[in-house]
Structures are given as C-alpha cells and as structure tokens.
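Chemist: Take this structure, written in structure tokens, and hold onto it; I'll ask about it next.
What follows is calculated from the coordinates using simple rules that are stated; it is not laboratory data. These figures come from a predicted structure and were not determined experimentally. We place every Cβ from the backbone using ideal geometry, glycine too, and count neighbours over all the protein chains shown.
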Amino acid sequence: MFDFENIVLAASVEEAVAALSANEKAIVISGGTDVLIKIREGKLAGCDLVSIHDIPELHGVRLTEDGCIHIGPTTTFAELTNSPVIMERIPVLGRAADTVGGPQIRAMGTVGGNISNGVTSADTATTLLNLEAELTLTSPAGERRVNVNDYYLGAGRVCLDHAELLTDICVKPENYQGFGGCYIKYAMRNAMDIATLGTSCLVKPGKGGVIDTLRLAFGVAAPVPMRARNTEQALTGKSYAEALEEIAGLVRGEITPRTSWRASREFRLQIAGENARRALEAAWAEAGGEV
Amino acid sequence: MAYPDIIGKSVPRVDARDKVTGAAKYTADLCPANALVARVLHSTVAHGLVRAVDISEAEKVPGVEKIVTCFDVPDIGFPTAGHPWSTEISHQDIGDRRLLNRHVRYIGDDVAAVVAVDEVAAARALRLIRVEYEELPAYTDVSSALAPDALPLHEEVSDSNIVKQHIYEAGDLDAVRSRADLRHFRHTYRTQPAQHCHIESATSFAWMEGGKICVVCSTQIPHIMRRVIGQALGLPWGSIRVIKPYIGGGFGNKQDVLYEPLNAYLSYIMGGACVRLEISREEVFTSTRQRHAEELDYQAWVDDKGRLMGRDVLVLAQNGAYASHGHAICANSSTVLRDIYNDELATRTEAKTVYTNTGTAGAMRGYGIPQACFAAECMMDDIALELGMDPIEIRKLNMMRPGFVDPGTGIACNSYGLADCIEKGRELSRWDEKRARYAKPQSGNIRRGIGMGIFTYKTGVYPISLETASARLVLNEDGTAQLQLGATEIGQGGDTVFCQMAAAASGLDFERIHIVSFQDTDTAPFDTGAYASRQTYVTGKAIKKCGELFRQKLTERAAARFHRPAEELTVAGDRIADRSGATVVTLADLAEDAFYALDGSEHITAEVTSHCTDNTFAFGCCFAEVEVDLALGRVKVLDLINVHDSGTLINPALAAAQVEGGMSMGLGYALSEEMLYNGEGRLLNGTLLDYKLPTALDVPDLKAEFVVTDDPTGPFGNKALGEPPAIPVAPAIRNAVLQATGVAFNELPLEPKRLVAAFSERGLI
C-alpha cells in the first residue's frame, strides 16, 4: 500500500504538462522504480503524481531516415536492450541498460527516469553522455533542445522546469556510426546492484591504428555522470597502444571521486583507471580497430 | 548398522508441491484482510533515555486506533533467546528487554507503536510522533564499551558492559610460553556482523479468543515463543497460543523472539482485535538479530614439525544492545577451538561477550563456530606457510581424532569421518596438483590459488541445556497415520525426513505418514524447535521411539483380534505380517476395525517424550579454488567443494540441498556481506541493495559431497547437518587467496575495497 494523495493518468504530453502546470507539487511517475521507493521510505509520502506511463508518443525506439535514433523516455531498460535498432546500431547502450538492477527493475524502469533523476550512478547516463544525446524538453511554452552533457545541474538535479517533461532522447548518426563501445559497471555484485563506479567508452579508430575520436565517461566519479574530456583530448590522435598505456594515469589525474561509506576516493580512482583501460580495449575491438 | 530402506532414500519433499504451486500457507496468507496494522517507532539515538513522547499530532491522523509508548507498557524484563527454559535461576536467559524501552540502547530500539486501520495511516502517524531524548554516551564498539568509565548499558545485569565471561585452562601454558624451541605465532582475526536475510520478514498477527491470546507467527520455536510471550506480558503461559505455519527462512533470527510479544500486547490492549505486525526489511536489518562480530587474539606455540604445543586465545564478541542469547554464542566460539584442534601440552581460552550500542547479535547458522573456525583455519595456514608445510598435513597432525572427549562438556567423538572428508575433498579438488601448480611464482594481474578449511560441529545443545522432544502418531480410519511434532519445518526439509524416520520406525509405508506441518502449541507435542542442527537427532530419537510404540500398538491390536502372539507380528508397509511374511490383516482393515468394532473400539495413538542425553560431533571441510583480479580487487571462486560427515544421510538429495544453501551463505560471509555501522552506531547499509548478499550470478557451481558414517548415538546413525555447511567456506576462500596473492587477510569479508587497499600497500598494483 503506497501513500500518495492522487494520481493523474496522462494520455498525452499536453495532458501531462497541463497537470504539472496545475499542481506545483506534482511529481512525474513512469515506471515507478524510483518514485515508489521514495514514497515507501516516506520521503514522498502523501504526494500527488502525474503518470506519463501510458503516453504512446513517449514510448519506444525509432530510427528516422536521417539516421537519428529517437528513444522515447518511457522506454524500459529491457525494451532498450532488446530493440533491434539499438542492438544493431548502438549495442553498447543496450548492454549498459541491461546492467541495471534485476529483471523486474529492467522491465519497469525507464531510460528517461534513469537520466532525469539526476543520479550519478545511472547505468545508461554515461553512454548517453558519450553519444552526445540531444534531449527534447516540452513545456506549455513549447519545446527546447538540450545536449545531455548540459542536462545535469548537480546531484539529483537536472535542468527540467517543474512543468517540463523530457519527451525525446535523440542520438545522431555522427555520434554512433563508426564507433565501438563498452560500458563496465563496477559493482559489488554481478546483479541487483548499484554501480560503485561506471565506465563508458566510445572509440572511433582512425587510419593506422590511431584514435580518431574517443569519448569517455564515468558514473560515481563526481556528483553527476561526467565526461573525462581532458583524457579524451590527450589521447585523440595517439596510437591505440599508447592510449592503452596512458589512459589509466590520465583518468586518475582527471576525475575527482569522493570518499563515501560505499567506497573511498582511492578505491574509485584505482577502479576507474583500470576499467577505462579495459573499456577502451573492448570498445576498440568492437570497432574493429587495428591492434 | 542396517536401517530400513526408507532411510537414505531421496524421496521428494513432502511440501514441495504446495510450495512450488503457491498453495502453501505462510503467516501473511492466513491473516484476515480486516486486521488492524501495527508499526513500531524506533530510536534515532544510539544511547539515551526517553524523556517524553508527544503523540498528540499522530493521534489526529484518520484511521489511527491506538498509540502506545514506552511509558505505557508493563515494566517486565523478559528474555528473548530461543533456549529451553532453565529451572536453575543462574542458568536462565537474561531478561533485559521491555516491550518498548525508555532506556534506548541502539539506533532502532523500540520506543512506541501505532495501531491503525491500514499501513498508510500507521506510517503517517509514526512520522508525527515526537520523541525527546536525553542522550547518553554511545559505545559502538567493544573497546569503548569496555573502557573503565563506560556506563553499563544494563545495570540490572552487570556493573560493566560484559554480559558474561569465562576462562578455560588446561595444562601448563606458562611452561609452553617459556620454551625457546617453539615457534610462537600471534595474529588477530576479525569477523564482521552479518545477517540472515531470510526471505520472509519477521511477521505475525494476534487476536484473542476464548480468553487466550493467539499469535500466528513466522518462528523456528513455537513452544519457546509461547513461554516468552507469557513472560513478557506477565500472563500465564497456557493463556498464550502460538501457531506456526510454513516460514520463509529463519537461519537463527527466528530462533529468537522478536516482535511477537509486542504484537500480542497490542491485540490485548485493543480488546482482542486482530492486529498484524510485519516489520520492514530495513527494520529486520536494524532491529532484529545479527551474527556476532568477533575478534580473536590468537596465539599458538608450535614445534618445528607443526605440532600445536599450546594455544592462548582471547575471544571478544560484540553482542549489541540486548543479551538475546547472552554468552552462549561466544562460549561456543571458544569451545570449538579446543575441539577441532588438540594441543599437546596446554590450552587457554578466554571469552567475553560485550554489550554495545549497536544492533543486537543473536543466533545465526553456525552459532559462533564460523567466527572461531575462520580464526582457527587462518592460523593453521599461517603456521603452515611459515613452516613450509602442506595445509592438509599440518591439520592432520593437530585435528580431533577418534575417541576424543571434550574435557569440559564430556561430548565424545562417537563417529569420525573428518580424515576421510579431507581425503575426499583433496581428490575432488585435485588439491595436490593445483596446490603445487599455484605455489610456483605467479606474475601478472590474475593470480590463482587453492585453499581449504575444516570444522567440527556439535549436534544439539546437550549438556549445556536441556534436550527434549516429543512425538505423536495418530492412526486414521483408513490405516494411514498423522505424525505430530513440536519440531518445525523451516525450509530445511525437516518434515520430509521426519516422515522417513517415522516410516522406518513404525514399519508403515512412507506414503502412509501424513505430517502435520503447522505447530499449534495448544495441540502440538512439546519440542523446543529448530536450532542447533538438533531436530533429526533429538526429535529423531523421539520419532523413533514413537514409531516403535505405534508399531507395537498396531501389532498388539492385530494379535488380539486375530489371536496370534504379538511377538510374531510386525508392521510391513500397508499390512500386518507374520514371520513368514504372510499378511495377517491390512492396515486399512485393522484401522477400520479399531475405530468401529462394536465389541471393542480403540483409537490407536502413540505419544512419547524423548529426553536426550547424547551429543556427537559432525565434521566437514571446504576446498576452494580462486582467481584473483588484483587491479579490481575481485575474487572469483572457480571451484567450491564441501565434504561433510553428518553420519547417515536420511535423505541424500535434501542433505545436498542443505549443503548448497549453506555454502552460498558461507560465500557471502567470505566475500561480500557485512553490516556497516558508523561511529554513531547508525547502520549504513541496512537494505538488500546495500547489504551485499550474493545473487544467483555471484555463486559458482557448488559441489556438495559426503562421507557417510554411522553414529551410534544418532537415531538412525545421523548427526548435525543444518548449520555446518556455512562454516568452512570463508577460511577456505581466504586461504586460497593467501596462496594466490601471498596476502593474509585476517578480517572478513574479503571484499574489493579491502583487497585493493592491501594490494596497493604491498605494491601488487
């Protein structure tokens, strides 16, 4: 039995944003895998909910003629993993989604919720950062577009106004074509766990075994998911062998994870460096780079 | 000795169909839909006195029926341990709890309770209760609790925070200490607080009828539960009725009385209305029981051949805020040290159980032995490494031998499969080959090793406590029979092996024995319940005696009706047969006649008490092969084999299942599970997300093997099996990691943060 006052079951984006506009305390719910937990814990007890779970246009993965991949925010992790479009074109994102929680969570939790709750450990967030995903935010005033790298404001906060809804996640062809990818979730268990440190790497090999483009992002290395842009820059144009040699040190010099009871800063630095190297290795292999 | 064929047969569980189809009824399935709901308000300070509780806002919440606080409940201290009651006052469990406590002693202590029409109203009211505390200094670890100026948490129990302590000494340890020819080893081994993680929460519902308080609850110990509820409420024990349906695991947490007395009290003050009290998983973590964190300061003196000449071990157990099982678990830790290994000259153990302002430790599968075994087995490998010996050889030189009698308890080694277990494990794990291979210098990030550990475990609690069990067999009109016990099925398969033993003893076909799985203390024969790996042994003796009496009564009836000498007749499955094997009468006809004969009806039943004055040692070992990823601090278990000597196996398939479950528990204890408290006494990871119980994807293939012995004291040659499988896994893995990396981890669990820190320090990464 969950303690919420009322729920609006929105059938369209218009209805949802109207309901949000009408109630400044209302909270968006889709899969419920975050919100219901907070209600149960008492943090959101007695809240008003606006459900976007049944809005058809927010759901599913579409490939458009221009090569853009549009991911509806209420697409579940399981649907993302099993989407033929994702499997064929951005398999790393599907694999990342498949590391979330357990089968039940993946059947209910959504990719939009994963990034919009602003949590640094979100398993799909780092790969979406690397993919330079473009987010569409819709409010009664209209739509605006925000790169996911600009979405995060701070721990648990994204640049979403109260009456605004994430309505599309778009990955453009130049950001996935030619890339190999790897996401490594470092957690204390092999399932049903939260990332102690998440590492996502996208790499596009250039001619002669050189790194053409490298994208590297971490979860739980900072209050929000972050790109390691200095490392990316330093390794661009380097040979794969050099990059493998240098990546761990560069990462450890760049990221600034904090010590919490879950893990120390030193531990996270060790894992981040090591997994950056391993992720580059796997991403390079997937991209068919020369070794 | 030859036992009837049903002994040693892997018959399917009698409860399998119901449990798989969902037909089996658990506490929540039985609770009336209109029951009131209770929730508990817990202390937010680790140590303090409740000055005031303001319930005025909470009472206004619609749907709230009643709020009781620590100022309202009877001022009766009661014990909670699932121990048999002792008629000797000095041996009785410590009664240091109240239904709700004004003197709160840990974060999570019980301060008030709300009864409401539903969970939402109860939760809303809880959030509105304001408690004013006068804070006292909190002692969140053993050393601060033992500081000379520390306030005693329970003045009525002890003027210090030592719940109890004792010293055992044999031989002249000073003479051993002074010998220059011996090698001296001293290490401190630490084990962590851990939790049972039974799937079903601690849950109950209570109502009154016929002047009695009836409590349906998830417990391992219905008869003890009845007594404790009576004690807690100050009511006659007979006015309490406890019903135990199927339960979703207990592992020792439900060998304690948890929230059932409070639930009974809430129904009582609500005039007997049905009240349900199911605590959340988070409350299970903070406010039920846990495995004791122990620290063992372990010294050994060894000759150059590896023989233990003397040992001196100090065992400190962190007991948390309330006594629960008191000193029994720490005492058990210290006793096993002298049982599993025998010193040539002298042994000294000192054991202290200490109150702290943390969650209460109590019974958990293994009852102090996993902690002691971890220390003992680490020390064996640490010595072997120094002396350049094979870990198996040094154990063989020092471990318990046939004929051993514990000098304190008098428990004898009546059957001995330890050496054979080790040999079997050695062969199955390909120990000699792998140990030699991994002993060669290894380089690179991935390192491999193989390790092992052994253990012994007692069977039941005699002579420390009473061992008693009763059994009843009741003939049905069709010649089948009901088996009624106070012993409990808690998921381990007890009901199935009880039926097998009843069939073996009575001569009835297994299919003719119907177990009454639920215990109702108004009707079930007395038994103290499921703990101490005792039921197949202690209850088994009662079942055997009962079955034999039942057989005798059936044959006597047949003898009387058919004018044959009773001694010529026996029960043969579905009939009474004579010595030639010829059928005298079918059981169906015999039963019909017994119930309905106009010239002499008789309801045939057998009921016995078996007062048990035996105990015996079970044994076993674990072999673990691991691969360590240094850079990521990860231990991958490649191979895990337990070999057990639990005497005769009543049901080999169920025995193997029991071992597999225990091994996965041992694996979590070894690698990932730990309750983390901060300096203020707050549990940081009291959820199943943050408490790292292994999942199916974290557990390797588990190999459960046995060496079958025939224990002369067991009812069918059997001895303890329930708890032992969880014991040897952690040290075996630790010793494998030692071989793989050269790093001796003396603290559990071997989790990545600890490993990475140690490998960094050693320059391995």
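Chemist: Taking chain A as a Gaussian network, where each spring joins two C-alpha atoms under 10 Å apart, which residue of A:239, A:260, A:30 fluctuates the most?
Modeler: Of the options given, A:260 has the highest mean-square fluctuation.
Chemist: So which lysines pass the test for residue B:164, namely a Cα distance under 20 Å, with those fewer than 8 places away in the same chain ruled out?
Modeler: B:352
Chemist: When a/c is below 1.5 the answer is rounded, else prolate if a/b is larger than b/c, else oblate, so apply that to the range A:146-291 with a ≥ b ≥ c taken from the square roots of the Cα gyration tensor eigenvalues. Walk me through the intermediate numbers first.
Modeler: Details: a/c = 1.90, a/b = 1.23, b/c = 1.54.
Oblate.
Chemist: Separate question: Return the average number of partner chain Cβ atoms within 10 angstrom of each residue Cβ along peptide A:183-192. It would help to have the intermediate numbers written out before the result.
Modeler: Numbers: counts 0, 1, 0, 4, 2, 13, 10, 6, 5, 9.
The mean count of partner-chain Cβ atoms within 10 Å per residue comes to 5.
Chemist: While we're on this one: Pull up the cross-link candidates among the lysines for residue A:238, meaning alpha carbon to alpha carbon under 30 Å and not fewer than 8 places away within one chain.
Modeler: A:172, A:185, A:204, A:207
Chemist: So, one more: When the convex hull of the C-alpha atoms of the range B:367-509 is computed, what volume per residue in Å³ does it have?
Modeler: 196 Å³
Chemist: So how do B:352-358, A:271-277, A:64-70 stack up, highest first, on mean other-Cβ count within 10 Å?
Modeler: Ranked from most to least packed, the peptides come out as B:352-358, A:271-277, A:64-70.
Chemist: How much of the pair distance distribution for chain B lies past 42 Å, counting alpha-carbon pairs only, in percent?
Modeler: 32 percent
Chemist: Okay, next question. Please give every one of the lysines within straight-line cross-link reach of residue B:434, meaning a C-alpha to C-alpha distance under 17 Å, and leave out same-chain neighbours fewer than 8 residues apart.
Modeler: Within the straight-line limit of under 17 Å, residue B:434 reaches these lysines: B:424, B:636.
Chemist: In chain A, what percentage of the DSSP-assigned beta bridges are antiparallel, given to the nearest 5?
Modeler: For chain A, the DSSP antiparallel bridge percentage is about 85.
Chemist: When the helices in chain B are scored as -39500 (n - 2.57) per DSSP H run of 4 or longer and the sum is shared across all residues, what 222 nm value do you end up with, to the nearest 500 deg cm²/dmol?
Modeler: Computed ellipticity for chain B at 222 nm equals -8000 deg cm²/dmol.
Chemist: Spelling out what I want: for every residue of the range B:752-757, take phi, set θ = phi - 60°, compute 6.51 cos²θ - 1.76 cosθ + 1.60 (Karplus), and round to whole Hz; glycine and proline get x.
Modeler: Result, rounded to whole Hz: x, 5, 5, 5, 4, 4.
Chemist: Given H placed 1.01 Å from N in the peptide plane, which residues other than close sequence neighbours of residue B:528 have an amide H under 5 Å from its amide H?
Modeler: Sorted by chain and number, the residues that satisfy this are B:468.
Chemist: Additional query: For the protein assembly as shown, give me the percentage of DSSP beta bridges that are antiparallel, rounded to the nearest 5 percent. Mind dumping the intermediate values first?
Modeler: Working: 144 of 181 bridges.
Once the DSSP bridges in the protein assembly as shown are tallied, antiparallel ones form about 80 percent.
Chemist: Tell me, what ³J(HN,Hα) does each residue in the range B:341-348 have, in order and in whole Hz, if you take phi through Karplus 6.51 cos²θ - 1.76 cosθ + 1.60 with θ = phi - 60° and put x for Gly and Pro?
Modeler: These are the phi-based 3J(HN,Hα) values: 10, 10, 7, 5, 10, 7, 9, 9 Hz.
Chemist: A follow-up question, please. ³J(HN,Hα) across the range A:180-185 via Karplus (A = 6.51, B = -1.76, C = 1.60, θ = phi - 60°), whole Hz, x for Gly/Pro?
Modeler: Once θ is set to phi - 60°, the couplings for the range A:180-185 become x, x, 8, 10, 10, 8 Hz.
Chemist: Which is the longest run of chain B containing none of the GluC sites (Glu not before Pro) found in DSSP loop states (not H, G, I, E, B) with at most 12 other C-beta atoms within 10 Å? Working shown, then result.
Modeler: Details: sites that count: B:88, B:155, B:156, B:477, B:680.
Longest gap between qualifying sites, sites excluded: B:157-476.
Chemist: List the relative contact order of chain A as a percent without decimals, with contacts defined as Cα pairs under 8 Å and 6+ residues apart.
Modeler: Contact order relative to length: 15 percent.
Chemist: To the nearest 20 Debye, how big is the dipole of the protein assembly as shown about its Cα centre, given +1 on the beta carbon of each Lys and Arg and -1 on that of each Asp and Glu?
Modeler: Approximately 1280 debye in magnitude.
Chemist: Just to verify a number: FRET efficiency for residue B:548 and residue B:304, C-beta to C-beta distance, R0 = 51 Å, to 0.05? Walk me through the intermediate numbers first.
Modeler: Values: r = 55 Å, r/R0 = 1.09.
Given R0 = 51 Å and the Cβ-Cβ separation, E is 0.40.
Chemist: Under 10 °C and 1.306 mPa s, how fast does the protein assembly as shown diffuse according to Stokes-Einstein, given a Kirkwood radius computed over C-alpha pairs? Answer in µm²/s, whole number. Can you show the working numbers first?
Modeler: Working: Rh = 31.7 Å.
The calculation lands on 50 µm²/s.
Chemist: Amide H to amide H under 5 Å from residue B:620: which residues, 5+ apart in sequence or cross-chain, H placed 1.01 Å off N in plane?
Modeler: B:455, B:645
Chemist: Do me a favour and compute the ellipsoid semi-axes for the range B:468-611 from its Cα gyration tensor, root of five times each eigenvalue, largest one first, whole Å.
Modeler: After scaling each eigenvalue by five and taking roots: 28, 15, 12 Å.
Chemist: For chain B, what's the relative contact order in percent, using C-alpha pairs closer than 8 Å and at least 6 residues apart?
Modeler: The normalised contact order for chain B reaches 16 percent.
Chemist: Let me confirm one metric for peptide A:266-279, namely the mean number of other chain beta-carbon atoms within 10 Å of its residues' beta-carbons.
Modeler: 3
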